[in-house]
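Encoded as structure tokens, the structure appears first; notes follow it.
The values are calculated or read from the model by the stated rules, or taken from the named source; none is laboratory data. Note that the structure is a prediction, hence the values are computed from the model and not measured. No Cβ is skipped: glycine too gets one built from the backbone with ideal geometry, and neighbour counts run over all protein chains shown. Accessible surface is based on the protein model in full, side chains and every heavy atom, while ligands, DNA and RNA are left aside. Shrake-Rupley method; radii C 1.70, N 1.55, O 1.52, S 1.80 Å.
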Amino acid sequence: MSAIGKPLDRVDGLLKVTGQARYAGEFPEDGLLHGSVVSSTIAKGRVIRIDASRALALPGVVAVIDHLNRPKIASYDDAFADADAADGSPFRPLYNDRVLYSGQPLALVIADNLELARHAGSLVEIEYAREDFETDLVTQRESAHPSPQTPPGPRGNFQAEWAGAAISLDLHYSTPIEHHNPMEPHASTVLYQPDGTLHIHDKTQGPQNCQAYVQKVFGLDKSQVRIFAAFVGGAFGSGLRPQYQLPLAVMASLALKRSVRVTLTRQQMFTFGYRPRTLQRLQMGAAANGRLLALGHTAIGQTSRFEDFSEHVVEWSGMLYHCDNVQLTYKLVPLDVFTPLDMRAPGAALGVIGLECAMDELACALAIDPVQLRLINYAERNQNEDKPWSSKALRECYSEGAERFGWSQRNPEPRSMRDGRQLIGWGMAGGVWEAMQMKASARARIDSDGKLTVSSATTDIGTGTYTVMTQIAAQASGVAMADVSFLLGDSSLPTAPLQGGSFTVSSVGTAVQQACEALNAKLLQTARQVYPVFKDAESVRFEDGQLHTGDVSVSLAQLVKDSGENALEVKVDSEPDKKREGYASATHSAVFVEVRVDEDLGTIKVSRVVSAIAAGRVVNPKMARSQILGGVVWGIGMALHEETQIDHQLGRYMNHSLAEYHIPVNADIGEIDVLFVEEHDEIVNALGSKGVGEIGIVGVAAAVANAIYHATGKRVREFPITLDKVL
């Protein structure tokens with residue numbers, strides 16, 4: 001019986017479409033109080049006075065908490081460190097009178113209902129002493145300092161080879177700030193228990209991460225805090241760190257000894273982490289035959305004044321193509337803004353834009369087909385680490401993707417393909433994302449009815465974790481899918497890493513597989529003690545809820561009864577196999593895009609995309625395809641729509657709503673064809689799976705930009721590529 005590899009429907013789908021799935025801000029409780037955050041209206045300065053008298057005069061308003069009257073918080077007033085902090089001191093809401101960025105939470109109004117809390121919040125008056133501020137990366141770029149997270153060191157002699165190359169390019173690209181904007185806003189419901197413990201429903205990508213944070217901040221014991229996140233309505237990285245609504249809700253709950261919920265508004269979803277703006281410089285030197293002789297990638301990103309946020313922006317340029325002379329530089333500019341945050345394919349989604357647009361410009365300069373140029377420079381090893389790949393089917397991505405797209409019919413001359421007044425452009429790009437595995441634990445338990453329950457403290461942020469873990473457990477244990485339940489989203493369950501980085505299946509999935517195999521060993525031990533036929537059986541198999549040898553079978557339910565227990569249970573701690581250490585592991589992709597540009601209006605339509613993915617063994621092709629579809633749509637958004645715009649006179653975001661923050665809608669999206677190329681990997685993990693959450697977005701924006709150049713003959717290097725830039 002094979003459950004892995006089947007395009008099964010989501011096991012949690014019915015709960016979601018019927019509204020039975022509850023999210024962090026939806027748990028009911030008698031006497032629940034509601035908190036509304038009052039945000040700063042200046043970008044930098046000090047709070048002189050907070051007058052909450054008008055708010056407190058309203059019947060039903062319980063309290064207004066600010067930096068002057070907040071309860072004593074262990075970590076605020078003593079040394080404080082956050083395991084998930086970027087380099088520096090993490091943001092502490094209501095810490096003191098300092099205003100560090102526009103939108104900073106300065107007070108929390110607590111009332112009997114949400115509407116009243118929000119109205120009362122509008123009545124709170126705050127007087128400031130304003131200070132000069134800087135929010136523009138471009139004007140402050142000269143103040144950049146090296147990132148504490150240094151990229152791989154230089155190799156070869158980049159400068160000499162670049163200067164002496166037959167053709168050398170020096171190109172500059174820029175990408176804007178983007179905000180995560182998941183459907184579900186951030187919320188925390190703190191249920192204050194009679195014994196003083198806290199049961200917290202939080203929008204998070206890691207319940208145990210939040211548990212550790214609350215413990216540390218408030219000086220509580222682990223037993224006093226339990227975090228739940230059964231359903232998460234999208235996160236894209238915004239739930240990797242606890243956001244400020246969590247400590248505010250806990251602060252109010254502990255102070256009032258009541259249950260409190262704090263939900264952020266859509267506008268307040270723009271007042272914490274985001275994808276940082278970058279300025280990128282690509283220097284490429286090549287021989288006349290297209291072979292890369294020198295590659296330099298410099299990126300400058302923005303960060304906050306209180307933390308240095310680093311991500312892997314330039315590393316990909318040292319590994320995607322073979323080049324012996326490479327120089328990678330990554331710098332940061334501190335501004336009066338909040339700290340950036342990991343956002344789907346952090347670093348790669350940005351760095352590969354610069355790399356893959358530059359590769360297209362090099363292909364044009366050399367008059368070599370863009371796919372052929374990539375094949376000429378194909379990397380058999382990861383030169384950053386000087387290791388062979390555990391597996392790499394990128395050649396197959398190029399060939400199968402190109403064939404599906406019809407790439408051989410492309411006329412390489414810009415502006416040469418048209419349909420009436422529509423200029424047609426074909427562009428492509430490669431993609432890469434590291435295939436990681438983290439330590440994880442899982443528990444497997446089978447009862448006397450033959451029902452299997454597997455659990456781990458991971459989350460499902462809409463990716464299908466419930467379903468794929470059920471599939472892995474069903475296959476590993478030989479129990480029917482219908483008889484398997486997977487429990488997640490509870491900090492009391494076996495240890496799991498944050499859900500992010502495309503490593504949940506490889507990490508938690510491996511733990512689930514190993515737990516089920518260990519449980520089977522326990523069941524087999526019982527069978528050998530009770531049934532003579534199994535005692536010396538050389539081959540046995542677990543299938544359809546039964547243990548088989550030859551023509552003899554016994555149900556797993558019966559074996560549990562035979563053991564004398566109501567249920568049999570095992571817990572397994574899993575970690576990456578030592579054999580991984582000698583290899584580099586990554587997912588790869590090739591993206592082919594067709595755009596249609598109106599010759600008169602400059603409007604751009606992405607009419608067709610083929611995304612070819614090499615991600616090892618795909619556990620559920622239906623869910624994996626959905627992940628790639630979502631990534632492609634987002635990549636189109638990065639190319640053409642998405643940009644958080646800031647008024648540098650005020651230091652404030654101007655389009656902090658879904659009405660004005662432009663993302664693609666159905667009408668913007670044409671045909672998307674996803675294909676998974678065959679790739680076997682026996683080194684990456686026991687499942688052979690590499691994860692697909694990130695790889696779908698990587699390279700898409702560059703492929704769109706390259707197609708726009710092919711259609712119009714105009715190279716736009718500032719993203720997003722809006723019609724005014726094309727005209």
(request) List every residue pair whose Cβ atoms lie under 6 Å apart, where the two residues are 6 or more positions apart in sequence or sit on different chains, the first residue falls within the stretch 664-682 and is open to solvent by 40 Å² or more (accessible area, probe 1.4 Å), and the second residue, located anywhere, is at pLDDT 95 or above and assigned to a loop (DSSP other than H, G, I, E, B). (result) F676/V618
(message) For the stretch 527-606, give me every one of the strands (runs of 3 or more DSSP E) that falls completely inside it and has 3 or more residues that are outside the structural domain of R395 (by the TED database).
(response) 541-543, 546-549, 552-555, 567-574
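Would it be correct to say that T303 is at pLDDT 95 or above, open to solvent by less than 10 Å² (accessible area, probe 1.4 Å) and either within 26 Å of the chain's Cα centre (by Cα) or of a type outside the set (G, A, S) (or both)?
Considered against the rule, which asks whether it is at pLDDT 95 or above, open to solvent by less than 10 Å² (accessible area, probe 1.4 Å) and either within 26 Å of the chain's Cα centre (by Cα) or of a type outside the set (G, A, S) (or both), T303 comes out as yes.
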(message) Contact list please: Cβ distance under 9 Å, first residue in the stretch 8-25 and within 15 Å of N620 (Cα to Cα) and assigned to a helix (DSSP H, G or I), second residue open to solvent by less than 60 Å² (accessible area, probe 1.4 Å) and of a type in the set (S, T, N, Q), pairs at least six apart or on different chains.
(response) G13/T467
(request) Using the structure shown, decide if Q546 is crowded, with 17+ Cβ neighbours inside 10 Å and touching a residue at least 12 places away in the same chain (Cβ under 8 Å). (result) yes
(message) Please go through (1) assigned to a strand (DSSP E or B); (2) surrounded by fewer than 24 Cβ atoms within 10 Å (Cβ to Cβ); (3) within 31 Å of the chain's Cα centre (by Cα); (4) of a type outside the set (G, A, S) for T265 and return the number of the only condition it doesn't satisfy.
(response) (1)
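If you go through the stretch 309-316 one residue at a time, do you hit one that is part of a strand (DSSP E or B), aromatic (F, W, Y) and either open to solvent by 20 Å² or more (accessible area, probe 1.4 Å) or touching a Ser or Thr at 6+ places or on another chain (Cβ under 6 Å) (or both)?
No, every residue in the stretch 309-316 fails to be part of a strand (DSSP E or B), aromatic (F, W, Y) and either open to solvent by 20 Å² or more (accessible area, probe 1.4 Å) or touching a Ser or Thr at 6+ places or on another chain (Cβ under 6 Å) (or both).
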(message) For the list (1) in a loop (DSSP other than H, G, I, E, B); (2) at pLDDT 95 or above, I need the number of the one condition that H119 fails.
(response) (1)
(message) Name the single residue that is farthest from the chain's Cα centre (by Cα) among those in the stretch 137-184 being surrounded by 15 or more Cβ atoms within 10 Å (Cβ to Cβ) and among the acidic types (D, E).
(response) E161
(request) State which residue is farthest from A474 (Cα to Cα) when the search covers only the stretch 607-658 and only residues that are among the hydrophobic types (A, V, I, L, M, F, W, C), at pLDDT 95 or above and in a loop (DSSP other than H, G, I, E, B). (result) L650
